[in-house]
Amino acid sequence: MNTSPYRPLDSENGEIRLLELFPALEHSASLVCALHPVKLGTKPHYEALSYTWGGKGAGTSITLDGIELGVFENLEAVLRRLRRSKKPRTLWIDAICINQDDLDERANQVKLMRDVYECAAGVTIWLGEPGQGAELGLNRLTARNSITRRTKNRDAHWAVEKELFGKAGGLGTEMSKWFSPSNDLLRDELEKDEIRELLCRPWWSRVWIIQEAVVSKNLKVLCGSWEIDWEKLNAETKEENINTKQVALTKVMHPELLSFADSTLDDISLMRRKWEDAKTGNNIYELLYNLRRLACTDPRDRIFAFLGLLSPDLGTVLSPDYKRSIGEIYTRICRAVIMKVKTLDILNCTRQWRDVSKLVTNSRVYSVYERARYHDTSVMVQAEGDPEPSGGSVRLPPGWERCIEGGVVTYFDHNTQTRHSESPMAGKVHPLASRLERQTCPQGCQKTWDNVGRPSIKFNVDEKAAPSWSEDEFPNLPSWVPNWAARTSQDPRPFLDWSKKIDDPGPFQASGNSHAEVSSDLDDPVLSLAGFEFDTIEEIAPPWHPKSNDTKPLSRWGIPELEQWTALASRAHPTCPYGGPEGRLDAIWRTHLGDHPGDGAVPVADRVFVECWFDRDGWVAGVGEIEAMDSYAAGGADDAASATRLLYEHWRKINGKGKFFNKLREMYDVWAVGRQYVPYLERLYDTCAHRALFVTSKGYIGLAPWNAQAGDKICLLSGGKTPFLLRDSKNDRHDFVGECYVYGVMGGEAWTEKALETFHIC
């Protein structure tokens with residue numbers, strides 16, 4: 001008796017399986033399906049599904065060609081949502097259409113994934129089933145206009161009021177300042193929060209979804225029975241609370257005010273536009289490095305998931321092979337790319353990952369119902385400046401949970417495992433908390449998702465979510481090979497910008513127009529490269545690791561590491577290559593920017609903005625502590641406006657400008673200085689964060705990754721756009737330290753092919 005529904009496929013000739021989902025009148029009826037082999041060249045009509053597997057959970061089984069096949073809970077849920085009542089539906093779903101137990105078939109079908117999604121009549125993104133409160137966001141996304149939205153959400157808002165406060169709702173009800181639907185602004189924010197919650201669902205965090213969404217012709221999002229057009233979702237998330245044209249520093253000081261900050265949605269939308277415009281592929285370095293934040297069960301998929309998005313010549317550099325180890329795949333792709341493109345750009349992605357603190361994030365809680373679980377929503381709160389307190393919410397002590405059952409509210413203390421009828425916060429007037437504080441997951445809690453994507457707060461958790469990778473997975477990875485799975489808390493941003501056209505060489509050409517030549521043995525753990533030792537690090541300052549990766553400092557003031565950078569670089573050097581004190585000062589501020597050589601260099605007139613960052617007089621001290629805000633009024637954030645005025649006064653002092661008698665002109669100048677300063681502030685941060693300034697034996701000034709040491713060799717290697725740091729190892733071999741920036745050699749000024757030697761990097 002045959003127990004498998006699978007027959008061999010001719011993957012080499014584009015053969016795939018399609019799933020026929022038979023109709024049923026009842027949602028709970030058994031799922032009956034059939035498989036049909038087809039060739040993509042015949043242009044079959046089908047729809048493709050993009051989803052996350054999740055765990056098996058409550059998943060049961062489907063009948064597939066008369067054979068029972070077990071499926072996971074999330075897949076069973078979406079099959080029931082996709083099933084029609086009277087007509088069959090033809091689908092492509094990876095978990096069913098590919099024999100997951102056949103590694104060879106998996107590898108061969110992965111090569112066809114781009115074509116599968118590109119040829120589909122439509123692609124459905126399954127986010128899962130709606131959780132409590134999700135309909136507020138879903139109705140907003142599916143309503144034709146604001147009137148329809150308000151009508152749809154009126155009852156939903158009152159349901160929130162009743163559930164959270166155990167009251168029927170209505171104008172006469174004592175309502176929470178933060179959860180009440182009587183306030184248009186707060187109601188609007190509740191709806192947006194539920195959309196934010198949708199954008200946090202597991203689908204957005206998986207590597208395979210990028211290719212599936214980017215190449216599809218027609219893309220729609222499904223959550224429960226709600227169907228949302230991709231462009232509608234994209235347009236909704238582009239609305240911002242911050243009018244940065246008014247006060248530019250608001251964006252820096254208050255990133256929490258951005259209505260939506262989902263980078264995966266933005267990445268997909270941008271890549272879809274690029275794909276539709278040219279279909280020439282995406283930059284491999286941008287894909288592999290920038291999307292390391294995405295998750296996958298198999299670390300090899302960090303390579304395989306993006307092969308279909310590469311330019312045609314690069315897409316053939318490596319074939320999926322699940323029989324090889326993770327280290328072998330990462331080593332092979334690195335060498336294969338160097339062989340193909342003849343540059344060392346991929347080495348600019350290499351970061352120190354051993355013995356480094358892993359980047360662990362704890363998601364914000366946007367769901368109003370989940371937030372209510374760690375708040376007392378029936379207290380009195382009073383904002384600073386308000387004459388009287390009003391109804392509001394306050395965070396419960398760590399470990400306390402607000403519970404509601406049958407309309408009765410109780411409070412459970414997970415620390416003592418005791419239940420209480422009264423909140424520990426009752427009977428007091430509490431300060432008004434900011435939106436950011438309310439959204440921050442409490443200490444000892446974790447935000448998780450069930451198998452069908454619904455969010456939930458897990459209480460009494462000792463540690464934060466476990467990192468997505470372990471050093472034990474990569475025991476023998478060579479030092480020169482980027483570890484695409486290892487995203488740490490101390491990764492500096494690459495010096496190279498890969499966001500432009502694929503054939504754009506970029507501003508840096510430290511090794512001139514040379515090309516990299518490497519051995520064709522893809523499994524060779526030693527990378528042999530031609531080049532020469534240009535210099536060595538003589539002295540290196542402490543690295544700068546910013547306190548927060550979310551909020552950028554307004555200036556260097558109060559950051560001792562950066563002050564030490566300037567002190568080190570300013571010292572006179574007997575072999576200074578910059579032509580004396582003035583030239584050295586010029587090199588210092590340009591190094592902090594990672595300035596480009598030649599015509600791409602920052603104009604001298606803009607040095608004033610770097611001097612504002614150096615902040616030798618402490619203008620930023622007058623700003624004081626920056627507190628999170630809830631909203632952005634038409635007049636702007638007061639603290640950002642004050643900070644901009646302080647910045648302007650410092651700028652005017654440096655420039656030697658007097659005060660304007662024309663107040664309108666002065667107001668324009670204040671606004672303009674803030675607008676011009678922000679791009680330089682962001683560039684300075686991106687260039688300097690997680691790096692250290694060094695001085696070389698020849699007197700050059702440069703920037704190195706935080707793990708660099710005095711004595712490291714600064715080498716110019718054939719095919720390299722930046723210099724690289726190598727460290728002596730055993731048997732005349734070298735360890736790879738990372739990319740570096742050396743002011744004065746980034747345009748090829750020091751490159752020569754007269755005395756090249758071979759460096760063996762292990």
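The values are calculated or read from the model by the stated rules, or taken from the named source; none is laboratory data. Note that the coordinates shown come from a computational prediction; the quantities given were computed from them, not determined experimentally. Quick reminder, even Gly has a Cβ in these numbers, built from the backbone with ideal geometry, and neighbours come from all protein chains shown. Heavy atoms of the whole protein, side chains included, go into the accessibility calculation; ligands, DNA and RNA do not. Shrake-Rupley method; radii C 1.70, N 1.55, O 1.52, S 1.80 Å.
Sequence-distant or interchain residues sharing an amide H contact under 5 Å with His254, placed H: which?
The list, which skips near neighbours in sequence, is empty: none.
Could you work out the percent of alpha carbon pairs in the chain separated by over 52 Å, rounded to a whole number? Each step should come with its number before you reach the end.
Numbers: 58226 of 289941 pairs.
Everything past 52 Å amounts to 20 percent.
Using the structure shown, list the pairs from Lys43/Lys87; Lys238/Lys447; Lys251/Lys552 with a Cα-Cα distance above 18 Å, or answer none. Display every interim value, and only then the final one.
On the way: Lys43/Lys87 21 Å; Lys238/Lys447 25 Å; Lys251/Lys552 10 Å.
Flagged as over cut-off: Lys43/Lys87; Lys238/Lys447.
What does the helix-only formula give at 222 nm for the chain: each DSSP H stretch with n ≥ 4 adding -39500 (n - 2.57), the total divided by the residues, and the result rounded to the nearest 500 deg cm²/dmol? Please list the in-between numbers first.
Values: 21 runs with 220 residues, N = 762.
Theoretical 222 nm ellipticity from helices: -8500 deg cm²/dmol.
Over 26 Å between C-alpha atoms is what I'm after, so list which of Lys162/Lys428; Lys86/Lys220; Lys358/Lys730; Lys547/Lys730; Lys274/Lys547 land there. Please list the in-between numbers first.
On the way: Lys162/Lys428 23 Å; Lys86/Lys220 22 Å; Lys358/Lys730 29 Å; Lys547/Lys730 37 Å; Lys274/Lys547 35 Å.
Checking Cα-Cα distances, Lys358/Lys730; Lys547/Lys730; Lys274/Lys547 exceed 26 Å.
Report Rg(Cα)/(2.2 N^0.38 Å) for the stretch 704-762, keeping two decimals.
Numbers: Rg = 11.6 Å, N = 59, 2.2 N^0.38 = 10.4 Å.
Taking N as the residue count of the stretch 704-762, the ratio is 1.12.
Where only protein heavy atoms count, and the probe is 1.4 Å, what is the accessible area per residue for the chain in Å²?
Numbers: 33930 Å² over 762 residues.
Accessible area per residue, the chain: 45 Å².
Check which residues have an amide H placed less than 5 Å from His545's amide H, if you skip close sequence neighbours.
Placed amide hydrogens put His690 under 5 Å from His545.
Order Arg402, Arg616, most accessible first, counting only protein heavy atoms with a 1.4 angstrom probe. Display every interim value, and only then the final one.
Numbers: Arg402 15, Arg616 125 Å².
Ranking Arg402, Arg616 by accessible area, largest first, yields Arg616, Arg402.
Accessible area, 1.4 Å probe, largest first: how do Ser421, Ser263 sort? If you can, show how the numbers build up before the last one.
Numbers: Ser421 105, Ser263 55 Å².
Correct descending sequence by accessible area is Ser421, Ser263.
Between Arg616 and Leu756, what is 0.36 nm times their sequence separation minus the Cα-Cα distance? Round to one decimal in nm. Working shown, then result.
On the way: separation 140, 0.36 × 140 = 50.40 nm, distance 4.39 nm.
Gain in length upon complete extension: 46.0 nm.
From the phi of every residue in the stretch 720-729, what ³J(HN,Hα) in whole Hz does the Karplus formula 6.51 cos²θ - 1.76 cosθ + 1.60 yield, where θ is phi - 60° and glycine or proline is x?
With the stated coefficients, the stretch 720-729 comes to x, 8, 10, x, 10, 9, 10, 10, 4, 10 Hz.
By how many nm would the segment from Glu471 to His45 grow when fully extended, if each residue of separation counts as 0.36 nm and the alpha-carbon distance is taken off? The partial results should precede the final answer.
On the way: separation 426, 0.36 × 426 = 153.36 nm, distance 4.48 nm.
So the extension gain works out to 148.9 nm.
If I take R0 = 56 Å and measure r between the Cβ atoms of His596 and Lys458 in this structure, what FRET efficiency does the formula 1/(1 + (r/R0)^6) give, to the nearest 0.05?
Values: r = 48 Å, r/R0 = 0.86.
Once the sixth-power term is evaluated, E becomes 0.70.
Given a 1.4 angstrom probe, I'd like the percentage of the accessible area of the stretch 1-58 that is carbon and sulfur, rounded to a whole number. Mind dumping the intermediate values first?
Working: 1900 of 3310 Å².
Ligands and nucleic acids excluded, carbon and sulfur give 57 percent.
Give the residue list of GluC sites (Glu not before Pro) in the stretch 306-394 that are DSSP loop and have at most 14 other beta-carbon atoms within 10 angstrom.
Answer in residue order: Glu384.
With the full set of protein chains in place, find how many percent of the accessible area of the stretch 523-624 is carbon and sulfur; take the probe as 1.4 Å.
Details: 2430 of 4560 Å².
Using a 1.4 Å probe with all protein chains present, the stretch 523-624 comes out at 53 percent carbon and sulfur.
Of Thr148, Thr377, which has the most accessible area and how do the rest follow, probe 1.4 Å? Mind dumping the intermediate values first?
Values: Thr148 35, Thr377 5 Å².
Reading off the accessible areas and sorting them downward yields Thr148, Thr377.
Pull up all non-local amide H partners of Tyr374: gap of 5 or more, or a different chain, and H-to-H distance under 5 Å with H placed in the peptide plane.
The answer is Arg402.
In sequence order, what are the phi-derived ³J(HN,Hα) couplings for the stretch 568-574 according to the Karplus relation 6.51 cos²θ - 1.76 cosθ + 1.60 with θ = phi - 60°, rounded to whole Hz, with x for glycine and proline?
Listing the rounded values in order: 5, 5, 7, 5, 5, 10, x Hz.
Measure off, as a whole percent, the carbon and sulfur share of the 1.4 Å-probe accessible area of the stretch 299-367, all protein chains present.
Details: 1030 of 2310 Å².
So the carbon and sulfur contribution to the accessible surface is 45 percent.
If I take every Cα pair under 8 Å that is 6 or more residues apart in the chain, average their sequence separation and divide by the length, what percent do I get for the relative contact order? Working shown, then result.
Numbers: 1415 pairs, mean separation 104.4, N = 762.
Value for the chain: 14 percent.
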